[in-house]
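Asker: Below are the structure tokens for one structure; questions will follow.
The values are calculated or read from the model by the stated rules, or taken from the named source; none is laboratory data. The structure displayed is predicted, hence computed values, not measured ones. Cβ sites come from the backbone with ideal geometry, for glycine too, and all protein chains shown count toward neighbours. Protein only, heavy atoms only, side chains kept; ligands, DNA and RNA dropped before computing areas. Shrake-Rupley method; radii C 1.70, N 1.55, O 1.52, S 1.80 Å.
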Amino acid sequence: YEILYGRILANIIGDQFAVTTSILVTFLLGIGLGTLFSFRLRNYLWQIEAAIGLYAVALVFSQHTLDQLLYRAIGLSGAAASLAVIFGVLLVSAPAFLIGMSLPIFASYASESAASDHASRAGHAFTLTYGVYNLGAAITGVFIEFWLVRRVGIEAATLWMAATNGVIALAVAMLLGRRATIGGRKETVDRAPHLGEIAFFDRQVALLVAIGVASAAYQLMVLR
């Protein structure tokens, strides 16, 4: 979605470095915040996946309207660059937040399932889930960039991804319904963490923050 939304917004706003930067930063921030709040919505994974897909469909079919709104606003104010950045941030913040929720919830389901089979496997559930998640993201990125967009175009490619989210939402809903029927679903979860509980001056946390900063800088200055 970061690839596809970047291309869609480039068609509307233009392929400016400030716009590209705002999209990347918004995705990183949205995913981070979504992760922090994910445990509050642990039992709503299929709705989250459906919302991600529906948002993509809405964005595809509202491009003309968004284009008119943006350039009407620019015509009134004249602050083209600033409005373009704000416009990009507003458009991608919601899907980035929802995407950020998905991985921790998937990992918690995997951990719960592994614990029911073998207690020692539960600790490796997040590691496996995160590895599969990033491997899937890499494969999908290559697939979108080098085949899908070239074959069907940006809009159709976005709708394909939205359909994929729809399939995932349906599958998750069916699996959760089956779990509830067979053994009941665990409704009590750990309290959601919040920023006030993170010890930012802890050595390990500080190192992780530094790695995150280096990663963002590399993506902005080298890859972009």
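Asker: Under 15 Å from the Cβ of A138, count the other residues' Cβ atoms, weight Lys and Arg +1, Asp and Glu -1, and hand me the total.
Answerer: Residues close to A138 contribute a combined charge of -2.
Asker: Still on this structure: Working out 0.36 nm times the residue gap between L33 and Q219, then minus their Cα-Cα distance, what length gain in nm do you get to one decimal?
Answerer: On the way: separation 186, 0.36 × 186 = 66.96 nm, distance 1.96 nm.
Length gained between L33 and Q219: 65.0 nm.
Asker: Can you list the residues of segment 10-46 with backbone N under 18 Å from a point 7 Å past the Cα of A58, pointing along Cα to Cβ?
Answerer: So the set is 27, 30-31, 34, 45-46.
Asker: Output the peptides 38-46, 211-219, 20-28, 167-175 sorted from most to least packed, where packing is the average of other Cβ atoms within 10 Å over each peptide's residues.
Answerer: 20-28, 38-46, 167-175, 211-219
Asker: Another question about this same structure. What list of ³J(HN,Hα) values in whole Hz, one per residue of segment 164-175 in order, does the Karplus curve 6.51 cos²θ - 1.76 cosθ + 1.60 (θ = phi - 60°) give from phi, with Gly and Pro shown as x?
Answerer: So the J values, rounded to whole Hz, are 4, 5, x, 5, 4, 4, 5, 5, 5, 4, 5, 5.
Asker: Between F17 and A210, what is the label-point separation in nm under the 7 Å Cα-to-beta-carbon projection?
Answerer: Those two pseudo-labels are separated by 2.7 nm.
Asker: Quick one: length gained pulling D202 to F143 fully straight, 0.36 nm per residue minus the C-alpha distance?
Answerer: Separation in residues times 0.36 nm, less the Cα-Cα distance, equals 17.3 nm.
Asker: Local charge sum around Y1 (other residues, Cβ-Cβ under 14 Å, Lys/Arg +1, Asp/Glu -1)?
Answerer: Details: positive: R7; negative: E2, E49, E145, E155.
Net charge around Y1: -3.
Asker: Taking a probe of 1.4 angstrom, what is the accessible area of F126 in Å², to the nearest 10?
Answerer: 110
Asker: Please give the FRET efficiency for Q68 paired with A156, using the beta carbon to beta carbon distance and R0 = 30 Å, rounded to the nearest 0.05.
Answerer: 0.85
Asker: Which whole-Hz couplings ³J(HN,Hα) result when phi for each residue of segment 47-52 is put into the Karplus expression 6.51 cos²θ - 1.76 cosθ + 1.60, θ = phi - 60°, listed in order with x for Gly and Pro?
Answerer: Once rounded to whole Hz, the list reads 5, 5, 5, 5, 5, 4.
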